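The structure appears right after this line, and notes come after that.
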Amino acid sequence: MARPQLPGLDHLTVNTIFCIGRNYAEHARELNNPVPKNPVVFTKPASSLIFDGDSITIPEFTNEVHHEVEMVVAIGRDGKNIPEADALDYVAGHAIGLDMTARDIQSRLKEKSHPWDLAKGLDTFAPLGRFFPPSQLPDLSDTRLTLTRNGQTVQDGTTADMIFTVPNLIAWLSKHFSLSAGDLIFTGTPEGVGPVTKGDRLVAQLGENLSTLSVSVK
Ligand code: ZN
(Lines give C-alpha, C1' and ligand atoms only; values in the text may rest on other atoms or scores of the structure.)
Protein backbone atom coordinates (compact mmCIF):
# COMPACT_ATOMS: atom_id res chain seq x y z
CA MET A 1 0.00 0.00 0.00
CA ALA A 2 1.40 3.41 -0.94
CA ARG A 3 1.97 5.71 2.02
CA PRO A 4 -0.58 8.53 1.93
CA GLN A 5 0.23 12.22 1.64
CA LEU A 6 -0.59 14.31 4.70
CA PRO A 7 -3.80 16.29 4.17
CA GLY A 8 -2.91 20.00 4.04
CA LEU A 9 0.82 19.19 3.74
CA ASP A 10 0.84 17.63 0.30
CA HIS A 11 4.65 17.73 0.03
CA LEU A 12 4.88 15.24 2.93
CA THR A 13 4.23 11.49 2.82
CA VAL A 14 3.43 9.68 6.05
CA ASN A 15 6.43 8.07 7.67
CA THR A 16 6.46 6.72 11.26
CA ILE A 17 3.35 7.31 13.38
CA PHE A 18 4.42 7.84 16.99
CA CYS A 19 1.79 7.96 19.72
CA ILE A 20 2.08 9.12 23.31
CA GLY A 21 0.12 7.36 26.06
CA ARG A 22 -1.00 8.87 29.37
CA ASN A 23 0.00 12.45 28.53
CA TYR A 24 -2.89 14.00 30.45
CA ALA A 25 -3.01 13.29 34.19
CA GLU A 26 -6.83 13.07 34.41
CA HIS A 27 -6.91 10.52 31.59
CA ALA A 28 -4.19 8.41 33.25
CA ARG A 29 -6.31 8.44 36.42
CA GLU A 30 -9.57 7.50 34.67
CA LEU A 31 -7.91 4.27 33.47
CA ASN A 32 -6.21 3.70 36.86
CA ASN A 33 -2.75 4.19 35.39
CA PRO A 34 0.12 5.96 37.15
CA VAL A 35 1.12 9.41 35.86
CA PRO A 36 4.36 8.64 33.97
CA LYS A 37 7.80 10.14 34.69
CA ASN A 38 8.83 9.78 31.03
CA PRO A 39 6.63 9.72 27.92
CA VAL A 40 4.89 6.40 27.16
CA VAL A 41 5.58 5.77 23.45
CA PHE A 42 4.02 3.38 20.96
CA THR A 43 3.60 3.41 17.19
CA LYS A 44 0.86 2.67 14.67
CA PRO A 45 1.35 1.37 11.12
CA ALA A 46 0.55 3.70 8.20
CA SER A 47 -2.20 1.22 7.26
CA SER A 48 -4.20 2.41 10.32
CA LEU A 49 -4.71 5.90 8.82
CA ILE A 50 -8.05 7.14 7.50
CA PHE A 51 -9.13 10.69 6.73
CA ASP A 52 -12.03 13.14 6.97
CA GLY A 53 -15.22 11.55 5.64
CA ASP A 54 -13.97 7.96 5.97
CA SER A 55 -15.32 5.23 8.28
CA ILE A 56 -13.84 3.43 11.26
CA THR A 57 -14.40 -0.31 10.97
CA ILE A 58 -14.89 -2.25 14.21
CA PRO A 59 -13.41 -5.74 13.72
CA GLU A 60 -15.37 -8.75 14.98
CA PHE A 61 -12.64 -9.68 17.49
CA THR A 62 -13.26 -6.69 19.78
CA ASN A 63 -16.34 -5.67 21.75
CA GLU A 64 -15.02 -2.39 23.17
CA VAL A 65 -13.53 0.26 20.88
CA HIS A 66 -12.81 3.62 22.52
CA HIS A 67 -12.31 7.09 21.06
CA GLU A 68 -9.27 9.15 22.13
CA VAL A 69 -9.19 12.66 20.62
CA GLU A 70 -5.63 13.97 20.25
CA MET A 71 -3.63 16.81 18.76
CA VAL A 72 -1.35 15.46 16.03
CA VAL A 73 1.98 17.08 15.16
CA ALA A 74 3.62 16.57 11.75
CA ILE A 75 7.41 16.64 11.59
CA GLY A 76 8.74 18.59 8.60
CA ARG A 77 12.52 18.06 8.80
CA ASP A 78 14.84 15.19 9.60
CA GLY A 79 16.49 15.37 13.02
CA LYS A 80 18.23 13.49 15.82
CA ASN A 81 18.91 14.62 19.40
CA ILE A 82 16.87 17.78 18.85
CA PRO A 83 17.16 20.22 21.78
CA GLU A 84 13.84 21.33 23.28
CA ALA A 85 14.70 24.94 22.43
CA ASP A 86 14.85 24.09 18.70
CA ALA A 87 12.04 21.51 18.65
CA LEU A 88 9.31 23.72 17.18
CA ASP A 89 11.52 24.43 14.13
CA TYR A 90 10.88 20.80 13.17
CA VAL A 91 7.07 21.08 13.20
CA ALA A 92 5.38 21.32 9.79
CA GLY A 93 1.81 21.48 11.03
CA HIS A 94 -0.89 20.49 13.49
CA ALA A 95 -4.11 18.56 13.04
CA ILE A 96 -6.79 16.82 15.05
CA GLY A 97 -6.77 13.04 15.16
CA LEU A 98 -8.29 10.04 16.89
CA ASP A 99 -6.28 7.27 18.54
CA MET A 100 -8.90 4.53 18.31
CA THR A 101 -8.27 1.80 20.86
CA ALA A 102 -9.70 -1.69 21.33
CA ARG A 103 -9.83 -1.30 25.10
CA ASP A 104 -10.76 -4.92 25.82
CA ILE A 105 -7.75 -6.17 23.84
CA GLN A 106 -5.49 -3.52 25.39
CA SER A 107 -6.54 -4.57 28.91
CA ARG A 108 -5.61 -8.18 28.18
CA LEU A 109 -2.26 -7.09 26.67
CA LYS A 110 -1.50 -4.85 29.66
CA GLU A 111 -2.15 -7.74 32.06
CA LYS A 112 0.56 -9.73 30.28
CA SER A 113 2.88 -6.70 29.84
CA HIS A 114 2.64 -7.18 26.08
CA PRO A 115 2.92 -4.36 23.49
CA TRP A 116 -0.30 -2.54 22.57
CA ASP A 117 -0.08 -2.86 18.77
CA LEU A 118 -2.95 -5.34 18.49
CA ALA A 119 -5.24 -2.88 20.31
CA LYS A 120 -4.06 0.37 18.73
CA GLY A 121 -2.71 -0.31 15.24
CA LEU A 122 -5.70 -1.92 13.56
CA ASP A 123 -6.93 -0.79 10.13
CA THR A 124 -8.87 2.53 10.34
CA PHE A 125 -7.76 3.12 13.96
CA ALA A 126 -5.89 6.37 13.19
CA PRO A 127 -8.37 8.91 11.74
CA LEU A 128 -6.51 12.10 10.83
CA GLY A 129 -7.78 15.61 10.05
CA ARG A 130 -6.29 18.30 7.83
CA PHE A 131 -3.01 19.94 8.88
CA PHE A 132 -2.53 23.68 9.12
CA PRO A 133 0.80 25.52 9.56
CA PRO A 134 2.10 26.37 13.05
CA SER A 135 1.77 30.10 12.26
CA GLN A 136 -2.04 29.65 12.27
CA LEU A 137 -2.11 28.17 15.77
CA PRO A 138 -2.73 30.98 18.28
CA ASP A 139 -1.27 29.20 21.32
CA LEU A 140 0.25 25.71 21.14
CA SER A 141 0.38 25.53 24.94
CA ASP A 142 -3.36 26.16 25.35
CA THR A 143 -5.32 24.81 22.40
CA ARG A 144 -8.74 23.25 22.82
CA LEU A 145 -9.50 19.80 21.50
CA THR A 146 -13.05 18.49 21.43
CA LEU A 147 -14.93 15.43 20.30
CA THR A 148 -18.65 14.98 19.80
CA ARG A 149 -20.31 11.60 19.43
CA ASN A 150 -23.68 11.81 17.67
CA GLY A 151 -23.78 15.53 18.47
CA GLN A 152 -22.99 15.18 22.18
CA THR A 153 -19.69 16.44 23.55
CA VAL A 154 -17.75 13.51 25.03
CA GLN A 155 -14.23 14.97 25.27
CA ASP A 156 -13.30 18.62 25.80
CA GLY A 157 -9.72 19.30 26.81
CA THR A 158 -6.83 21.68 26.32
CA THR A 159 -3.18 21.11 25.50
CA ALA A 160 -2.47 23.19 28.64
CA ASP A 161 -3.05 19.94 30.57
CA MET A 162 -0.41 17.93 28.71
CA ILE A 163 2.19 16.42 31.05
CA PHE A 164 4.87 16.47 28.31
CA THR A 165 4.71 19.46 25.95
CA VAL A 166 5.34 19.22 22.20
CA PRO A 167 9.00 20.37 22.62
CA ASN A 168 9.43 17.81 25.45
CA LEU A 169 8.07 15.07 23.18
CA ILE A 170 10.16 15.98 20.11
CA ALA A 171 13.33 16.10 22.23
CA TRP A 172 12.49 12.78 23.92
CA LEU A 173 11.53 10.96 20.71
CA SER A 174 14.56 12.26 18.78
CA LYS A 175 16.88 11.10 21.55
CA HIS A 176 15.73 7.53 20.86
CA PHE A 177 14.76 7.60 17.17
CA SER A 178 15.89 9.52 14.09
CA LEU A 179 12.93 11.69 13.17
CA SER A 180 12.07 12.16 9.50
CA ALA A 181 9.93 14.57 7.55
CA GLY A 182 6.49 12.99 7.43
CA ASP A 183 6.62 11.49 10.93
CA LEU A 184 3.49 12.08 13.02
CA ILE A 185 3.12 12.39 16.77
CA PHE A 186 -0.28 11.69 18.33
CA THR A 187 0.24 13.64 21.56
CA GLY A 188 -2.16 11.89 23.93
CA THR A 189 -5.78 12.28 24.98
CA PRO A 190 -7.53 14.27 27.71
CA GLU A 191 -10.08 12.54 29.95
CA GLY A 192 -13.48 11.43 28.70
CA VAL A 193 -12.53 8.43 26.57
CA GLY A 194 -15.40 6.04 25.96
CA PRO A 195 -16.91 3.44 23.66
CA VAL A 196 -18.17 3.89 20.09
CA THR A 197 -20.73 1.68 18.36
CA LYS A 198 -21.69 0.99 14.78
CA GLY A 199 -23.65 3.84 13.26
CA ASP A 200 -21.96 6.54 15.37
CA ARG A 201 -20.82 9.84 13.90
CA LEU A 202 -17.68 11.31 15.51
CA VAL A 203 -16.66 14.93 14.95
CA ALA A 204 -13.31 16.06 16.35
CA GLN A 205 -11.99 19.60 16.36
CA LEU A 206 -8.76 21.40 17.19
CA GLY A 207 -9.11 25.03 18.27
CA GLU A 208 -11.91 27.02 16.68
CA ASN A 209 -12.27 25.12 13.39
CA LEU A 210 -8.50 24.98 12.81
CA SER A 211 -8.75 21.29 11.95
CA THR A 212 -11.96 19.31 11.81
CA LEU A 213 -12.44 15.59 11.35
CA SER A 214 -15.76 13.83 10.78
CA VAL A 215 -15.89 10.04 10.60
CA SER A 216 -18.56 7.39 10.92
CA VAL A 217 -18.32 4.01 12.63
CA LYS A 218 -19.31 0.80 10.88
ZN1 ZN B 1 -4.03 7.87 22.81
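The values are calculated or read from the model by the stated rules, or taken from the named source; none is laboratory data. What you are looking at is a predicted structure, and each value in this text was computed from that prediction instead of being measured. Quick reminder, even Gly has a Cβ in these numbers, built from the backbone with ideal geometry, and neighbours come from all protein chains shown. Heavy atoms of the whole protein, side chains included, go into the accessibility calculation; ligands, DNA and RNA do not. Shrake-Rupley method; radii C 1.70, N 1.55, O 1.52, S 1.80 Å.
The figures follow:
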{"quantity": "Charged-residue dipole, Cβ positions (Lys, Arg, Asp, Glu), region 5-217 about Cα centre, Debye nearest 20", "calculated": "460 debye"}
{"quantity": "Potential extension, Lys198-Asn63 segment - 0.36 nm per residue separation minus Cα distance", "calculated": "47.5 nm"}
{"quantity": "Share antiparallel - DSSP beta bridges, the chain, percent rounded to 5", "calculated": "85 percent"}
{"quantity": "Distance in nm between pseudo-label sites at Asp161 and Ser216 (7 Å out along the Cβ direction from Cα)", "calculated": "3.1 nm"}
{"quantity": "Given 11 as the ceiling on other Cβ atoms within 10 Å, longest exposed-site-free region of the chain for GluC sites (Glu not before Pro) in DSSP loops", "calculated": "61-207"}
{"quantity": "Net length gained if the chain between Leu88 and Asn32 were fully extended (0.36 nm per residue, minus Cα distance)", "calculated": "17.0 nm"}
{"quantity": "Integer Hz, Karplus 6.51/-1.76/1.60 couplings in order for region 122-134, x for Gly and Pro", "calculated": "5, 3, 6, 8, 10, x, 9, x, 8, 7, 10, x, x"}
{"quantity": "Residue order for Phe125, Phe42, Phe177 - accessible surface, 1.4 angstrom probe, largest first", "calculated": "Phe177, Phe42, Phe125"}
{"quantity": "Rounded Å value of the spacing that divides the Cα centres of region 189-210 and region 133-150", "calculated": "13 Å"}
{"quantity": "Greater than 27 Å apart at Cα, pairs in Lys112/Lys218; Lys44/Lys110; Lys112/Lys198; Lys44/Lys218", "calculated": "Lys112/Lys218; Lys112/Lys198"}
{"quantity": "Full-stretch length increase - Val41, Asn209 - with 0.36 nm per residue and alpha-carbon distance subtracted", "calculated": "57.7 nm"}
{"quantity": "Charge dipole (debye, nearest 20) of region 1-62; +1 at Cβ of Lys and Arg, -1 at Cβ of Asp and Glu", "calculated": "360 debye"}
{"quantity": "Cα gyration tensor shape for region 1-124, rounded if a/c is under 1.5, else prolate or oblate", "calculated": "oblate"}
{"quantity": "Cβ-Cβ FRET estimate between Asn150 and Phe51, R0 fixed at 30 Å, reported to 0.05", "calculated": "0.90"}
{"quantity": "Helical contribution to [θ] at 222 nm, DSSP H n ≥ 4, -39,500 (n - 2.57), averaged over the chain, rounded to 500", "calculated": "-3500 deg cm²/dmol"}
